[in-house]
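Asks: Sharing a structure below in structure tokens format, with a few things to ask.
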Amino acid sequence: MLLRPQPWHNNQPEVEWIDLTGSQNWQVEALQDIQFTAADSSPVEARFFRGRNDRGTFAVLQWYAWSKGGHYSPNRWFIADQVEQWRDRQRLPWVAVCLLTSMEPLSSLKPYEAALGDLASQIQASLQTGPLA
């Protein structure tokens, strides 16, 4: 699990996924969107894929978490942040989350989807009741 918190209260997400994919030298395969929910949360839409490099193959799940949901796209955070500013006159904090687990090369992602989705909903719930509350 990799977490990247918001560095400063007015920083926006910067598409950390591109940086991570580049630094890991991943070849991204079987890219798809999956949804999960945490307790008392709107659905979270995450990016799910197989990442391959010289060191191995990984099932990867990525999203930006915020207090009432999350999404992998910084644009969705921007819209939620604008609503928060108009309604409550404050910024919407975020945490970039990336889960990865080793897998056999070219095996199906299906068995990992449920396991990572369950773990992701627990992480989202913890973030919502802790740092993002």
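Asks: Under a point-charge model restricted to the Cβ atoms of Lys and Arg (+1) and Asp and Glu (-1), what is the dipole moment magnitude of the chain relative to its Cα centre, in debye to the nearest 20?
Replies: 120 debye
Asks: Taking trypsin sites (Lys or Arg not before Pro) as exposed when DSSP calls them loop (any state but H, G, I, E, B) and at most 10 other Cβ atoms lie within 10 Å, what is the longest stretch of the chain free of them, the sites themselves excluded?
Replies: 1-54
Asks: A further question follows. For labels at Ser108 and Asp33 in the simple 7 Å Cα→Cβ model, what's the distance in nm?
Replies: 2.4 nm
Asks: Explain nothing, just compute: Karplus ³J(HN,Hα) = 6.51 cos²θ - 1.76 cosθ + 1.60, θ = phi - 60°, for every residue of segment 81-90 in order, whole Hz, x for Gly and Pro.
Replies: Couplings: 5, 4, 4, 4, 5, 5, 7, 10, 6, 8 Hz.
Asks: In addition: Checking the a/c ratio against 1.5 first, then a/b against b/c, what shape does the Cα gyration tensor give for the chain?
Replies: Prolate is the answer for the chain, as a/c is 1.5 or above and a/b outweighs b/c.
Here, each number is a calculation from the coordinates, and none is a lab measurement. Just so it is clear, the model here is predicted, and its values are computed rather than measured. All Cβ positions, even for glycine, are placed from backbone atoms using ideal geometry, and neighbour counts span all protein chains on display.
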